[in-house]
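Before any comments, here is the structure.
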Amino acid sequence: MSRFWESAHTFLKGLVFCLFVCFVWPPALTVSAGELPQQLLIGIEPEHNIFDQVERYRSLARYLTDQLGVEVKLTIMSRYGEVIKRFKTLKLDGAFLTSYTATMAIKELMLEPLVHPVNLSGEMTSQGYIFVRKDSGIGDIDGMRGKSIVFVDPATMEGYLFPLAYFRQHGITDMNREFNRFYFSGSHASAIFGVLDGRADIGAAKSTVFNKLADGDSSIQQELRIIAQSPKVPEITLCLRSEIDSDLRAKLTAVLLQMDKTPQGQKVLEQFQALRFVKSTTADFEKVAEMAQEARAAIGEHGK
Amino acid sequence: MQTSIRPLLSILLAVLFVLAAATASHAEKRIGVIMTGDVPYYGAMHGAFVAEIKKKFAGVEEVEVVLQKPFPNAISWSNAARKLIAFDVDLIVTYGAPATQAVLHEKSRIPLVYAGLYEPDQAKVSGQNVTGCGFKVPMSSIIRYFKRLKLIATLGIVFSSVEEDSVRQYEEMREIAALQNIKTEKIDIRSQTGLDQLLEKNPDAVFITGSALSHLWIDDILSILRKKHIPAADIFPDEQESGVLMTLFQPPQAQGQMAADMAAQILLGAKPGNIPSHTFRDTELVFNLKEARRFGIDFPIQLLIEATKVVK
């Protein structure tokens, strides 16, 4: 009898083990492989001064690594226009994206917007500016006809889509015919310097870069006139893949939203040149999507 | 024998004179041109002018261009203007403010087209018989780029008080520098001995205005500055790469072409007063890395990408 119970006990132990192996262990293995990654690979879009930019983000990455217990690695994602492609090829987990690429990534890659920074001036958004030299005599859209324009990059809201949408709203549907020439500078700062130096009559760039340069150089305020401004949108947003573990996502969000409340976090924020992070939502990008739609119609009309 | 040859020689000479006169009078339009100084900037402008005017009148009418390149001083500019008026040209073209003002001073009825004037609106060169084009260079950009390369507490400004547009450029730069708490040192070049001022002063950088006199001795100026380890910026192009660290200039060819277009309209009957003047504002920015190395200056990559040309 006791031998029966002994063998039954052994059988039950084996059965429980088998059941554990069959139903519990594999999912547990899947969770650890797919949802608790060894590292988070985060992309950043290149700015005008890429060396300063890498320094600013490096301290943030170190802080997040310490707080999350997951190594946060950074990678530069080539130029603006290739961000969506590069996101896939680099197998990124997330990225700090400018407003237009964030809008496209949310739509095409199903990324989820997490947080965006509030800059040192207290601004949590940026807007597009269209500007000219004050001594150019250009005061409105009619004065712009026949002149030269510098844009930033085809994949920027402030530096291309906004001016395109603005021109279309004001009756300019053929850029090749209405303007003398146009070119892309590659950075917001270069677009501003291009107009200041006279390489272009009209420029488009984002307000945060414009205002920062103007703070350090009084001639910018004295010599440039802002003709038009776009709606305000988040400047840079951290977006994550939707497959990232929800606990990790929540923890990452919490760390970023709370970091201005700790001395260590404040120091990192200072290096990152931000006051704090605030929560982002997909609704933040609706205005950009509308502008992109208007701009796409303009692109369709003038074929550029 | 000799007596029979003499009348033949006289006839031959007369025929040659008639032929020569006929050739000379074959030029149906005559344009007189005065450069403020014989400097490459005006030379490039004139090259573009001549090429364009020949293109416009090719196969239609012969146009003769009489060029005057006086030494840059008031008497020489005035003499050049008087010569062209006496020559009764159909049109006068001038490069630079001093040559333009010298022609206007003569109050001739000959139409005038100017080019190479700094901010023509500010130059007091308007009139019923006058039109032309000029340029504007944003001086603040020169200070901005200098400041990104080195600390600028004092800026030397090379100009010539006998050249009206050079004086205006000096004043403009002085005001911009003052707004940025940068002291300025006046280096007035009226003759070659004026270069000695460069030996006495020690600014952190030097800005060279578009003065014809200064550019006559640009090699000497740059040689002195190089010995004193002072970088220079110029608003005339340094085509010879003679040692200017940065140049921010309006390409002169565009002004030469526009002056030719205006000249052609006038020669074909248009009134100068009906042709609006034009100010070119497009610029080219050139950084000379060879000079930068000489001065031990590192150009940040963010600055280099702003340049339209980099001399390596």
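Remarks
- When region A:44-74 is filtered for residues that are over 18 Å from the mean Cα position of the chain (by Cα) and among the acidic types (Asp, Glu), the ones remaining, listed by number, are A:Asp66, A:Glu71.
- Helices (runs of 4 or more DSSP H) enclosed by region B:225-312 - at least 3 residues per element that are open to solvent by 10 Å² or more (accessible area, probe 1.4 Å), under 21 Å from B:Arg144 (Cα atoms) and within 14 Å of another protein chain (Cβ to nearest Cβ): B:301-304
- Yes/no for B:Ile221 being assigned to a loop (DSSP other than H, G, I, E, B), touching a strand residue (DSSP E or B) at 6+ places or on another chain (Cβ under 7 Å), more than 12 Å from chain A (Cβ to nearest Cβ) and in contact (Cβ under 8 Å) with a residue 60 or more places away in the chain: no
- The condition of being over 26 Å from B:Ser76 (Cα atoms), away from chain A (no Cβ under 14 Å) and at pLDDT 95 or above holds for B:Glu185.
Let's see how each residue does on (1) hydrophobic (A, V, I, L, M, F, W, C); (2) at pLDDT 90 or above:
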{"position": "A:Asp247", "(1), (2)": "no, yes"}
{"position": "A:Asp260", "(1), (2)": "no, yes"}
{"position": "A:Gln264", "(1), (2)": "no, yes"}
{"position": "A:Ala274", "(1), (2)": "yes, yes"}
{"position": "A:Phe285", "(1), (2)": "yes, yes"}
{"position": "A:Lys304", "(1), (2)": "no, no"}
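- Scanning region B:175-192 for residues that are within 22 Å of the chain's Cα centre (by Cα) and part of a helix (DSSP H, G or I) yields a single hit, B:Gln192.
- Within region B:205-214, the only residue that satisfies the criterion of being in contact with a helix residue (DSSP H, G or I) (Cβ under 7 Å, 6 or more places away or on another chain) and in a helix (DSSP H, G or I) is B:Ser214.
- Wholly enclosed strands (runs of 3 or more DSSP E) of region A:72-164 bearing at least 3 residues in contact (Cβ under 8 Å) with a residue 60 or more places away in the chain and surrounded by 21 or more Cβ atoms within 10 Å (Cβ to Cβ): A:94-98, A:112-119, A:128-133
- Taking (1) assigned to a helix (DSSP H, G or I); (2) without any contact (Cβ under 8 Å) to a residue 60 or more places away in the chain; (3) among the polar types (S, T, N, Q) in turn, B:Ser161 satisfies each apart from (1).
The values are calculated or read from the model by the stated rules, or taken from the named source; none is laboratory data. Treat the numbers as computed from the prediction; the structure is a model and nothing was measured. All Cβ positions, even for glycine, are placed from backbone atoms using ideal geometry, and neighbour counts span all protein chains on display. The protein model used for the area step is the full one, side chains on, heavy atoms only, and it has no ligands, DNA or RNA in it. Shrake-Rupley method; radii C 1.70, N 1.55, O 1.52, S 1.80 Å.
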